[in-house]
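Peer 1: Okay, here's the structure, questions in a sec.
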Amino acid sequence: MNRPEIHVEVAPALHLFVPAARRAGATPLATDGVSTLGHVIESLGVPLTEVGALVVDGREVPVSHIPQAGETVRVRPVDRPQRVPGAPLRFLLDVHLGTLARRLRLLGVDTAYESTDIGDPALAARSAAEKRVMLSRDRGLLRRRELWAGAFVYSTRPDDQLHDVLDRFAPDLTPWTRCTACNGLLRQATKAEVADQLEHGTQRSYDVFAQCTECGRAYWKGAHHDQLEAIVERALAEHG
């Protein structure tokens, strides 16, 4: 018995997830007649976190739609900016995205980060428990059903990663308000309050300090401030 055949057209923005043969318009695909369209799309390699509208013969359908023989399916990417309803916008990053985590925190974006590999089940469980958007380049992790929400990080370059996340989610930016080490909120501090963390030269040269309310780390405009300032200014100019 022949299996039902549909035609699937994947949007160019999602081409990196599918084989080259499926990047040239609508291509035929045999289905089993019982699997949902969401399952079919995932079987092609496209994480559902990256899928926006699914359009079948001109009408939008849910991922639970059971495709029928002869249907033409168009798979579109998520709309930007993407809205994540049901909780304040905040993120969880896996062990491979440490630089991106620090830059998001620099911009005041609530960003949890696991500096060790705690495994996909634990990451997904934390995403659900804390209602955080899971950011990862691990497609398997993004397919886990228990995730609160997720998004694939398309680039390996931190500059591009930051631009992509800010463009996709448009979070509110409040630079210099979070600890880049632990994500805690910063408060103004006196030199005396942070003196135990300062070398003698720093004590002589700086008078304005901040301190993390969670881990106690001290901050001041040190040698790397210009580099950080450039990241902040660029983000505010493009996404503020």
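Peer 1: Based on this model, can you work out whether R187 counts as outside any loop (DSSP other than H, G, I, E, B), basic (K, R) and over 30 Å from Q82 (Cα atoms)?
Peer 2: Answer is yes for this residue.
Peer 1: Condition (residue is of a type outside the set (F, W, Y), in a strand (DSSP E or B), touching a residue at least 60 places away in the same chain (Cβ under 8 Å) and crowded, with 19+ Cβ neighbours inside 10 Å) applied to region 154-171: is it met by at least one residue?
Peer 2: no
Peer 1: How many of the residues in region 45-59 are on the phi < 0 side of the Ramachandran plot and assigned to a loop (DSSP other than H, G, I, E, B)?
Peer 2: Within region 45-59, residues that are on the phi < 0 side of the Ramachandran plot and assigned to a loop (DSSP other than H, G, I, E, B) number 2.
Peer 1: From the list R126, R145, pick out the single residue that is part of a loop (DSSP other than H, G, I, E, B), free of Cβ contacts under 8 Å to residues at least 40 places away in the same chain, open to solvent by 50 Å² or more (accessible area, probe 1.4 Å) and not β-branched (V, I, T).
Peer 2: Going through R126, R145 in turn, just one is part of a loop (DSSP other than H, G, I, E, B), free of Cβ contacts under 8 Å to residues at least 40 places away in the same chain, open to solvent by 50 Å² or more (accessible area, probe 1.4 Å) and not β-branched (V, I, T): R145.
Peer 1: OK, next. Of the numbered conditions (1) buried (at least 17 other Cβ atoms within 10 Å of the Cβ); (2) farther than 14 Å from A151 by Cα; (3) of a type in the set (V, I, T); (4) within 16 Å of the chain's Cα centre (by Cα), V133 fails exactly one; give the number of that condition.
Peer 2: (2)
Peer 1: From the list L173, L142, which one is among the aliphatic types (A, V, I, L, M), in contact with a Gly (Cβ under 8 Å, 6 or more places away or on another chain), modelled with pLDDT of 95 or more and more than 25 Å from A124 (Cβ to Cβ)?
Peer 2: On inspection, the qualifying residue turns out to be L173.
Peer 1: Check V46, V75 and return the single one that is closer than 27 Å to R132 by Cβ and in contact (Cβ under 8 Å) with a residue 40 or more places away in the chain.
Peer 2: On inspection, the qualifying residue turns out to be V75.
Peer 1: Looking at T99, is it in a helix (DSSP H, G or I), open to solvent by 30 Å² or more (accessible area, probe 1.4 Å) and of a type in the set (S, T, N, Q)?
Peer 2: In short, yes.
Peer 1: If you don't mind, there's one more thing I want to ask. Restricting attention to region 1-12, which residues are closer than 22 Å to T156 by Cα and surrounded by fewer than 14 Cβ atoms within 10 Å (Cβ to Cβ)?
Peer 2: P12, the sole residue that qualifies.
Peer 1: Could you grab me the full set of residues in region 102-118 that are free of Cβ contacts under 8 Å to residues at least 60 places away in the same chain and under 17 Å from E130 (Cβ atoms)?
Peer 2: Passing the criteria: E114, S115, I118.
Peer 1: Which number in (1) small (G, A, S); (2) open to solvent by less than 40 Å² (accessible area, probe 1.4 Å); (3) modelled with pLDDT of 95 or more marks the one condition that G201 misses?
Peer 2: With respect to (1) small (G, A, S); (2) open to solvent by less than 40 Å² (accessible area, probe 1.4 Å); (3) modelled with pLDDT of 95 or more, G201 is out only on (3).
The values are calculated or read from the model by the stated rules, or taken from the named source; none is laboratory data. A quick note: this is a predicted structure, and the numbers were derived from the prediction, not measured. For neighbour counting, all protein chains shown are included, and Cβ atoms are generated from backbone atoms with ideal geometry for every residue, glycine included. Just so you know, the surface numbers come from the protein's heavy atoms only, side chains and all, with ligands and any DNA or RNA stripped out. Shrake-Rupley method; radii C 1.70, N 1.55, O 1.52, S 1.80 Å.
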